[in-house]
1. Run the simple label-point estimate for R64 and E90 please: 7 Å along Cα→C-beta, distance reported in nm.
2. First select every other residue whose beta carbon is under 12 angstrom from the beta carbon of K168; then total the charges, Lys and Arg +1, Asp and Glu -1.
3. List H89, H79 from most exposed to least, where exposure is judged by having the fewest other Cβ atoms within 10 Å.
4. How do M28, M4 line up, fewest other C-beta atoms within 10 Å first?
5. For the pair N97/K168, report the inter-label distance in nm, with labels modelled 7 Å from Cα in the Cβ direction.
Amino acid sequence: MKVMIAYTSKTGTTEECVERLKAALDGMTVETVRLDEKVPDLDSCDILILGAPVRFGKLPKCVRAYLKENEAKLLQKPHALFLCCGLAHEYDFYIENLYSDALRASAFLVENFGGTLSYEGQNFFGKILIHAVRSTIRENEIEDGEYTPEMPSILPESIGKMATYIRKEAEKLQKA
């Protein structure tokens, strides 16, 4: 049973999530493929996990191109989807608008792996945007004169949930 995790990562957050997921799937055959470096062959795996960061409200161009080219084939294969989204309150909006209804409906799991608002890997304008968002979070976290900001982070429980669902899906395929 071979699991392929296809993803892209700009700042390293999505890549870190993929590595955590791969580690949680210890004992299974797992291949990771960066969509910005290679187009994976869907016929070479039994289960496909597709993940991407949300950047400025969009999926990265390589992910959009991959979906446009391969969505029909992907709908025929057991798959799960995840987003790395630093703004958890926006996740539902993003998942509904970035992945098609058919792709979401046919997935055995659609999950938010969380994210970070890191300056690392950002260009000048990205750093300005991150600074503005982080400042807004700080301002919104001040209550009754107390300052307790909570910055977005990776959600290990979501990664663990994905690993559990992947194992269950692999068991179903082996029994079939």
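Quick note: the coordinates plus some simple rules give every number you see, no bench work behind them. Quantities reported herein were computed from a predicted structural model and do not represent experimental measurements. Cβ placement follows ideal geometry from the backbone for every residue including glycine, while neighbour counts extend to all protein chains displayed.
1. Those two pseudo-labels are separated by 1.5 nm.
2. On the way: positive: K161, R167, K172, K175; negative: E169, E171.
Local net charge: +2.
3. With the sparsest Cβ surroundings first, the list reads H89, H79.
4. On the way: M28 15, M4 21.
Ordered by Cβ neighbours within 10 Å, fewest first: M28, M4.
5. 3.0 nm
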